[in-house]
């Protein structure tokens, strides 16, 4: 994936440009999050999201296609936001079960 310094730099940029915690923006408005990520990384935003979703899906078997996840982020309608939140919640539940 990307190294820790690149991750920290990306989060710093997102925090500055969004004016608040990027993770809160991702949860409440994935479309805005994606647009800001894209303004910083260009086409790399799509690649990064694809890598993350693919790796998470591979490790946890949550059956989320990368292209579908990207479409959800780019649409930003309420149904898409709810599906993204459901996916994130499933990730949390899977990870929680693995650590207990």
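Assorted remarks:
- Conditions (1) modelled with pLDDT under 95; (2) over 10 Å from the mean Cα position of the chain (by Cα); number of the one not met by residue 48: (2)
- Candidate set: the range 72-89, residues that are within 15 Å of residue 52 (Cα to Cα) and out of contact with any helix residue (DSSP H, G or I) (no Cβ under 6 Å at 6 or more places or on another chain); chosen: the one surrounded by the most Cβ atoms within 10 Å (Cβ to Cβ): 87
- Out of 21, 57, one residue alone is on the phi < 0 side of the Ramachandran plot, free of Cβ contacts under 8 Å to residues at least 60 places away in the same chain and surrounded by 16 or more Cβ atoms within 10 Å (Cβ to Cβ). It is 57.
- Every condition in (1) closer than 17 Å to residue 89 by Cα; (2) surrounded by 12 or more Cβ atoms within 10 Å (Cβ to Cβ) holds for residue 33 except the one numbered (1).
- First in the range 70-92 and more than 16 Å from residue 33 (Cα to Cα), second anywhere and at pLDDT 95 or above and in a helix (DSSP H, G or I), Cβ under 8 Å, 6 or more apart: 87/69
The values are calculated or read from the model by the stated rules, or taken from the named source; none is laboratory data. These numbers come from a predicted model, not from an experiment. Neighbour counts run over all protein chains shown; Cβ positions are idealised from the backbone, glycine included.
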